[in-house]
Amino acid sequence: MHGPNKVAPKVIKFCTLMSGDSLSSETVELDDPSFSVAKWTQTMAAKLGLDQKSCEAVDAQTSCTIDPCRQAIDALQNRFVRIVAVVTFAVELLPNNFNFKSPQSTPAKIVLLRARQSLSTAAALRPLLAKYSIDITQAVVVIGGTLEQISRLSIPLVQIGSRTLTVMSQAQFQGYLYNFQ
């Protein structure tokens with residue numbers, strides 16, 4: 001019988017959650033239409049014992065971040081998803097005319113970056129430095145407020161953590177060294 005009260009069967013949607021860097025996975029039911037990708041990521045991060053505020057959902061096949069604002073059921077269905085740890089840190093960009101003796105005269109630009117911990121420092125900084133027309137091969141990167149130079153930009157962000165990075169020219173670095181002595 002066909003009647004006006006017939007209810008359509010509920011279609012259950014799934015995604016495959018990849019575990020860390022291993023090849024193991026589990027099928028996860030996507031059943032709550034009120035969940036955004038961000039909320040779903042926080043829930044999964046908690047289940048995996050990760051910091052809920054420092055994770056993002058990534059398409060395991062393309063390595064692209066999945067938009068955290070999208071509805072989880074639609075954005076994640078039939079996808080292989082990996083929850084990855086991210087770090088948020090400040091980058092201080094010194095202008096060409098920056099003077100260490102009077103830093104107020106030409107203030108530095110401070111930008112907050114959020115990037116995957118597994119990325120190298122160079123991979124995280126390259127798009128930002130390109131935006132401000134700074135050549136990464138000519139720049140000097142130091143841990144903010146110190147003389148500790150990041151000479152190998154291949155260092156993963158996880159080793160730097162949430163410390164501020166300061167980006168300057170070679171000439172500015174020499175002036176920086178002079179002011180610390």
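The values are calculated or read from the model by the stated rules, or taken from the named source; none is laboratory data. Model, not experiment: these values are computed from the prediction. Glycine gets a Cβ as well: all are built from the backbone with ideal geometry, and neighbour counts include every protein chain shown.
Scanning the stretch 5-55 for residues that are under 13 Å from PHE80 (Cβ atoms), modelled with pLDDT under 90 and either in contact with a helix residue (DSSP H, G or I) (Cβ under 8 Å, 6 or more places away or on another chain) or of a type in the set (Val, Ile, Thr) (or both) gives a single hit, SER19. Screening the candidates ALA123, ALA90, ALA85 for the property of being closer than 30 Å to SER25 by Cβ, in a strand (DSSP E or B) and under 19 Å from the mean Cα position of the chain (by Cα) yields one hit, ALA85. In this structure, THR137 does satisfy being out of contact with any helix residue (DSSP H, G or I) (no Cβ under 6 Å at 6 or more places or on another chain) and over 14 Å from GLU92 (Cα atoms).
If only residues of the stretch 23-44 that are assigned to a helix (DSSP H, G or I) and among the β-branched types (Val, Ile, Thr) are counted, the one that is surrounded by the most Cβ atoms within 10 Å (Cβ to Cβ) is THR41.
Here is a yes/no grid of residues against (1) at pLDDT 90 or above; (2) crowded, with 19+ Cβ neighbours inside 10 Å; (3) in contact with a strand residue (DSSP E or B) (Cβ under 6 Å, 6 or more places away or on another chain):
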{"position": "CYS64", "(1), (2), (3)": "yes, no, no"}
{"position": "PRO68", "(1), (2), (3)": "yes, no, no"}
{"position": "PHE80", "(1), (2), (3)": "yes, no, yes"}
{"position": "VAL91", "(1), (2), (3)": "yes, yes, yes"}
{"position": "PRO95", "(1), (2), (3)": "no, no, no"}
{"position": "ASN99", "(1), (2), (3)": "no, no, no"}
{"position": "PRO103", "(1), (2), (3)": "no, no, no"}
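Going by the structure shown, is THR166 among the β-branched types (Val, Ile, Thr), assigned to a strand (DSSP E or B) and under 30 Å from VAL28 (Cβ atoms)? Here the answer is no, as THR166 does not meet what is asked.
Residues in the stretch 115-162 that are touching a residue at least 60 places away in the same chain (Cβ under 8 Å) and exposed (fewer than 15 other Cβ atoms within 10 Å of the Cβ): 3 in all.
Of the candidates VAL58, VAL111, the single residue that is in a strand (DSSP E or B) and not assigned by TED's automatic domain parsing to the domain that holds GLY175 is VAL58. All told, LEU76 falls short of being modelled with pLDDT under 95 and surrounded by 15 or more Cβ atoms within 10 Å (Cβ to Cβ). Scan the stretch 62-82 for residues that are basic (Lys, Arg) and assigned to a strand (DSSP E or B) and the total you get is 1.
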